[in-house]
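Notes to accompany the following structure.
FYI, it's all coordinate maths here, none of it is from the lab. These figures come from a predicted structure and were not determined experimentally. Please note: Cβ atoms are built from the backbone with ideal geometry, for glycine as well, and neighbour counts cover all protein chains shown.
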Amino acid sequence: ITIKIKDRDGVVHQVDAPTDMAMNLMEVVRSYELAPEGTIGVCGGMAMCASCQCYVTSDHQLPEMSYDEDLMLAEAFNVKDNSRLGCQIQMTEELNGLEVELAPEV
Ligand code: FES
């Protein structure tokens, strides 16, 4: 699938994300090096750090948040209505055309 990711400098990157490798959005961002090492995916994708927070700007219907994601976002900084944890968003066909913006580094 193709998704658009706006990095923390405001630059939009259109990238290809595989749906057959059990990859999540945080891992896609890391694989394209769209955020400096150590500023995203700090907890390794356990919904325990919010370094992978992003804002979903397209109108895709994402899977419901898990309890852990909800709890983490309740404590994170710069949270908006469209905030999600990138590590909790699996790449699936339904997300083709997804547009997200990385939340500021904290
Ligand atoms: Fe830590 Fe997503 S990588 S919450």
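Most tightly packed first, judged by the mean number of other beta-carbon atoms within 10 Å of their residues, the peptides 4-10, 26-32 read 26-32, 4-10.
The residues neighbouring LEU25, those whose beta-carbon lies less than 14 Å from its own, together hold a net charge of -3 under the Lys/Arg +1, Asp/Glu -1 convention. The residue among MET26, PRO63, THR39 whose Cα reaches farthest toward the positive pole of the charge dipole of the chain, with charges on the beta-carbon of Lys, Arg, Asp and Glu, is THR39.
About the Cα centre of the chain, what is the dipole size in debye to 20, counting +1 per Lys and Arg Cβ and -1 per Asp and Glu Cβ, all else neutral?
Working: 6 positive and 19 negative charges, 43 e Å.
Rounded to the nearest 20 debye, it is 200 debye.
In this simple spin-label approximation, SER58 and ALA76 carry label points 7 Å from Cα along the Cα→Cβ vector, and these lie 1.9 nm apart.
Treating each Cα of the chain as an identical point scatterer and summing with the Debye formula, the log10 of I(q)/I(0) at q = 0.16, 0.20 Å⁻¹ comes to -0.61, -1.00. A full extension of the chain between ASP7 and SER31 corresponds to an added length of 7.3 nm, given 0.36 nm per residue minus the alpha carbon distance.
Backbone geometry of the range 40-53 corresponds, through the Karplus equation with coefficients 6.51, -1.76 and 1.60 at θ = phi - 60°, to 3J(HN,Hα) couplings of 8, x, 4, 8, x, x, 9, 6, 10, 9, 6, 5, 9, 4 Hz, x marking Gly and Pro. Counting neighbouring beta carbons within 10 Å and listing from fewest to most, the residues SER51, SER66, SER83 come out as SER66, SER83, SER51. Sequence-ordered 3J(HN,Hα) estimates for the range 14-30 from the Karplus curve with 6.51, -1.76 and 1.60 and θ = phi - 60° stand at 9, 10, 8, 10, x, 9, 10, 10, 6, 8, 10, 4, 4, 5, 5, 4, 5 Hz, glycine and proline given as x.
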